[in-house]
Amino acid sequence: MSRLLELGAKIDSREARMGVVGLGYVGLPLAMEFAKEGFRVTGFELDGEKVRILEEGRSYIEDVPSADIARAREKGLFDATTDMNDLSQMDVINVCVPTPLTKTKDPDMSFIVSAVEAIKKRLRSGQLVILGSTTYPGTTHDLFVPILEQSGLSCGTDFAVAFAPERIDPANKKFKVRNVPKVVGGETALCTELAVKSYQTIFDTVVPVSSSQSAELVKLLENTFRAINIGLANELALMCHRLGLDVWEVIDAAATKPYGFMKFLPGPGLGGHCIPVDPTYLSWKMKSLNFAARFIDLATDVNGHMPDHVVERVAEILNDERLPINGSRILILGVAYKPDVSDMRESPALDVINLLRSKGGVVSFHDPHVAELDLDGVTLKSVDLSDDMLSSSDIVVIVTDHSGIDWRRVVALSQRVFDTRNATKQVSEGREKIQKL
Ligand SMILES: NC(=O)c1ccc[n+]([C@@H]2O[C@H](COP(=O)([O-])OP(=O)(O)OC[C@H]3O[C@@H](n4cnc5c(N)ncnc54)[C@H](O)[C@@H]3O)[C@@H](O)[C@H]2O)c1
């Protein structure tokens, strides 16, 4: 117990050494915040290429400027390694590894397990280990802690464990690491206290909850809430198409209600590592308790079919002009899962492109943030948004509304446009060429 009590003082004095396992979209910004606060931070990353880039003082995450990495390294406050042995030197270890789904859409815990196995081998008393990867309720208590205790040390007395969900929103200019409150739930009251103390150094607000399970469910509630509301907006878009109404106008007008309504928008499908994946972690867990998470299943179904709807609409629009998808030149604008990022994980653009290609469409794409796409062995390169490319395409499909694209020009030069994001809402000239989701 006493070594754990010493940890509090080490955090206060910034002598505690911070380890971050997994230096991706979540781990790297977190590591930088600790370094900015004066902690000596070591990043543990399996990908040697990422480590090499960081060791050169450069960044590969859009939200983390290379200058921050270089500055932290000059001050001797940040290093990155593939060698897990130094984990034993860390006082606090944050685990930020991926939690995707397997091919059969079950939680893939392999990254968490490999990370915690590596920590277990080097575990010593006085360490605090915080899991930040999004996961089902019970992961920390039923999977993470038992593996760590195989070391012979006890959680809560020799070492501490907490779960603290990550809420980072890449490319968000207003909400960065510091000004988004951090939720923390420890395995014991002391575990929570230590995790709160470590996060109070870099977060403006820390919100303790009573257990790691509660903290795990907080994250799943947040993203399930979004997935379900986006599902409702998507279903409304399907209804509006049949009613001959403009879903964007209906939602914008409803959003003028100052209470009791929250605006969510439809789109070509869900993307990113979180919203399409996280609710499935919860429904999977509930299945093991013989409970069907019906809202989640319905939203997953509606959202998952949006790429099919996009392709049906493209077929309808071309059909009106006596054109088949087969052989038509189709230009996809934006393939990242959301505006102004390069992240392609789970992007609906992938499904849309694959479906169009499977029907014989001659598909090109332009994305200022994505240089190339790998589609089951076929590589597509982002094309220039030239006058000729726009005017020679039979249809331009807006899938991601990146800022910096001149939508007036796109509409002016294109023969016809299918806009799944209402990106062209300000365009007045040539509206007859635009069809919206
Ligand atoms: N990206 C987001 O916007 C976001 C937001 C909130 C929560 N999350 C959650 O945070 C977690 C991490 O997501 P991410 O987007 O940072 O993933 P990522 O893929 O960008 O980064 C994870 C990193 O971990 C590394 N890694 C994997 N196994 C490892 C191991 N055993 N040891 C060391 N390194 C290892 C990978 O090489 C990768 O660089 C996930 O659970 C995700 O759901 C992500």
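The values are calculated or read from the model by the stated rules, or taken from the named source; none is laboratory data. The model shown is predicted, which means the values in this text are computed figures rather than measured ones. For accessibility, only protein heavy atoms count, side chains too; no ligands or nucleic acids. Shrake-Rupley method; radii C 1.70, N 1.55, O 1.52, S 1.80 Å.
Side notes on the structure shown:
- Taken one residue at a time, the phi angles of segment 223-238 give Karplus couplings (6.51, -1.76, 1.60, θ = phi - 60°) of 7, 5, 3, 5, 4, 5, 5, 5, x, 5, 4, 5, 5, 4, 4, 5 Hz. Gly and Pro are set to x.
- Helix 110-122 vs. the chain, principal-axis angle (Cα, 0 to 90°, nearest 10): 20 degrees
- In terms of distances greater than 32 angstrom between alpha carbons, the cross-link table entries Lys120/Lys197; Lys10/Lys287; Lys50/Lys425; Lys36/Lys285; Lys121/Lys285 yield Lys10/Lys287; Lys50/Lys425; Lys36/Lys285.
- Comparing Val378, Val370, Val310 in a Gaussian network model of the chain, where Cα atoms under 10 Å apart are tied by springs, the biggest mean-square fluctuation is seen for Val378.
- Antiparallel DSSP beta bridges within the chain, percent to nearest 5: 15 percent
- The angle between the Cα long axis of helix 278-288 and the main principal axis of the chain comes to about 70°, on a 0 to 90 degree scale.
- For Lys182, residues with placed amide H under 5 Å, excluding near neighbours: Thr205, Val206, Val207
- Accessible heavy-atom area order of Trp407, Trp248, Trp284, highest first, probe of 1.4 Å: Trp284, Trp407, Trp248
- Amide H contacts under 5 Å for Arg40: Met18, restricted to partners 5 or more places along the chain or on a different chain, H placed in the peptide plane at 1.01 Å from N.
- Most to least accessible of Tyr199, Tyr25 (protein chains only, probe 1.4 Å): Tyr25, Tyr199
- Alpha-carbon centroids, segment 273-342 and segment 221-237: separation in whole Å: 12 Å
- Rolling a 1.4 angstrom probe over the chain with all protein chains present gives an accessible area of which 52% lies on carbon and sulfur atoms.
- Residue with peak Gaussian network fluctuation, the chain [Cα springs, cutoff 10 Å], from Asn223, Asn94, Asn326: Asn326
- Heavy-atom accessible area order for Ser211, Ser288, Ser328, largest first, 1.4 Å probe: Ser288, Ser211, Ser328
- The heavy atoms of Ser358 offer some 90 square angstrom of accessible surface to a 1.4 angstrom probe.
- For the chain, the relative contact order works out to 10 percent when only alpha carbon pairs closer than 8 Å and six or more residues apart are counted.
- The alpha-carbon atoms of the chain, seen along their principal axes, cover 77, 50, 43 angstrom, with the largest extent given first.
- Largest GNM mean-square fluctuation among Gly57, Gly19, Gly269, using the chain with Cα springs under 10 Å: Gly57.
- Most simply put, segment 2-210 has about 10% antiparallel DSSP beta bridges, counting only bridges with both residues inside it.
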